[in-house]
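Written out below as structure tokens is the structure these notes cover.
The values are calculated or read from the model by the stated rules, or taken from the named source; none is laboratory data. Keep in mind that what you see is a predicted model, and the values were worked out from it rather than measured. Neighbour counts are summed over all protein chains in view; Cβ atoms, including those assigned to glycine, are modelled from backbone coordinates with ideal geometry. In case anyone asks, the SASA skips ligands and DNA or RNA and just uses the protein heavy atoms, side chains included. Shrake-Rupley method; radii C 1.70, N 1.55, O 1.52, S 1.80 Å.
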Amino acid sequence: MESKLNKRLFIFMLILLAFPLVQYMYPTIRIAKLKGAIKEPKEVVLSFDNWNNGAFQDLSEEFIKAKNGLRTLWVRVYNQWNYSVNNSINPSYIIKGSHDYLYTTGYIQSYLGEDYLGDDKIDSIVRDLEVIRDTLLTKGCELLIAFAPSKAWYLPENIPSKYDLSKKKISNYEYYSESVKRSAIPHVDFNKLFMNMKDTTQYPLYPKGGIHWSIYGGIVAADSLSQFMASISSVAPIDYHIKSMELTDDCRYTDADIREAMNLFYWDGQHDVMAYPTIDFQNHTDLPKPKVISISDSYYWTFMNTKVHKRAFADGSQFWFYYKTVYGDGEKRSIESVDLRTAFDDKDFVLLLATEETLDRFPYGFIEAMKGEYKIQ
């Protein structure tokens, strides 16, 4: 009897050990992929150098761990245990504030001025952009800067008490906005717009579980941006009609991107009721739509997901994500494929959009590329 029990236990252990490999090769259980900034390791190619220095072994171990068929399940179990039992959050850059509002450390640190570049550095960048604007204007293309809002600015009252907001110093956003005001570059400040709307907005401009503007907030920003473009150029403003507005706490697109990045089975927070418009894009003017190159951080994805980029801007408009990847007309390619000598010839605007958390990298290599191509000093 004992022999049979040991045999069965041995077989069970073999099955348990082999199941992750079987799940990887022949998935039998549907397991949702992990959300957030998950970097998948690439398969390592054996070479003399990486074998000799031990890199092959380390990278192979990392690759095998990542490809474990049950890895996503174990990650969620681990994260849920830490969240529910130890009151801690994985990944560590996510912070839980009051009233179920989630933040990320980068936005709070930027709000507090901990990544401030300094007056001279920011003034230098703005001067460079003024020179680049002059170059673009010779091609009939205007340079436009837009400051996306920040959740830390919009909702500082819900930031956890462990952050001493009384020690806040000047931030990149504050000085950038002042420096740009002193320049000739046209600009739009959505951070200021959102704060002015905070007490009057009909629907949430920021979700509890997301770090970007809400889908509704993005539509408000798109309308404001389009109207501003039309006011300084002979182009058509965005023309649309909201056919209906669905109100639900079932968050969509990026409205729960932080909460999803926690990779939990269950979150005990409560989302606000969010607004999701059904939009009818129209065209009641003979003016042409603007043709735009948008160089931006992840805030611009709202314009892409809601079809604003496609419907409000002319064919041939492009989104240069972090000045690394080009999206437009259904294609995706590397920025290295762009010819900066001809890219702006038929464009009306180059839009530079950034939220405060990415202003320490703004405008993401565009200045250096333009200086090199056009020999700007």
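Site pair TYR93 and ASP315 shows an inter-label distance of 3.9 nm when each label is modelled 7 Å from Cα along Cα→Cβ. When only alpha carbons are used to place a centre, the range 67-107 and the range 332-377 end up 35 Å from one another. Go ahead and collect, in residue order, the members of the range 128-156 whose backbone nitrogen is under 19 Å from a label point 7 Å along the Cα-Cβ direction of GLN377. So the set is 128-136. Projecting the Cα atoms of THR302, ALA312, TYR374 onto the charge dipole of the range 229-377 (Cβ charges, centred on the Cα centre) puts TYR374 farthest toward the positive pole.
With R₀ set to 30 Å, the beta-carbon distance separating ASN283 from THR325 gives a calculated FRET efficiency near 0.50. Solvent-accessible area assigned to carbon and sulfur over the range 289-346 amounts to 46 percent, based on a 1.4 Å probe. Projecting the Cα atoms of ASN196, TRP153, PRO186 onto the charge dipole of the range 141-216 (Cβ charges, centred on the Cα centre) puts TRP153 farthest toward the positive pole. Spin-label model, ARG333/PHE265: points 7 Å from Cα along the beta carbon direction are separated by 4.7 nm.
What is the range 103-151 by shape, rounded, prolate or oblate, if you read a ≥ b ≥ c off the alpha carbon gyration tensor as root eigenvalues and call it rounded for a/c under 1.5, prolate for a/b larger than b/c, and oblate otherwise? Oblate shape, in that a/c is at least 1.5 and b/c is the bigger or equal ratio. Placing pseudo-labels 7 Å out from each Cα toward the beta carbon at ASN196 and SER298 gives an inter-label distance of 2.9 nm.
Once you have a ≥ b ≥ c as the square roots of the Cα gyration tensor eigenvalues for the range 141-226, tell me rounded if a/c is under 1.5, and otherwise prolate or oblate according to whether a/b is larger than b/c. Since a/c reaches 1.5 but b/c is at least a/b, the shape of the range 141-226 is classed as oblate. Each Lys and Arg contributes +1 and each Asp and Glu -1, all at the Cβ; summed about the Cα centre of the range 100-150, the dipole is approximately 240 debye.
In terms of its alpha-carbon gyration tensor, the range 109-184 comes out prolate; a/c meets the 1.5 threshold, and the first ratio a/b outweighs b/c. When TYR322, TYR111, TYR299 are compared by accessible area of protein heavy atoms, the largest-first order is TYR322, TYR111, TYR299, using a 1.4 Å probe.
Of the cross-linked pairs LYS324/LYS371; LYS121/LYS169; LYS151/LYS208; LYS33/LYS151; LYS167/LYS208, those separated by over 21 Å at the C-alpha level are LYS33/LYS151; LYS167/LYS208.
By how many nm would the segment from ARG182 to ASP119 grow when fully extended, if each residue of separation counts as 0.36 nm and the alpha-carbon distance is taken off?
The span from ARG182 to ASP119 would gain 21.4 nm if fully extended.
Note on the range 254-377: Cα-only Rg and Dmax are 17.7, 56 Å.
In a reduced charge model with +1 at each Lys and Arg Cβ and -1 at each Asp and Glu Cβ, the range 131-269 shows a dipole moment near 520 debye about its Cα centre.
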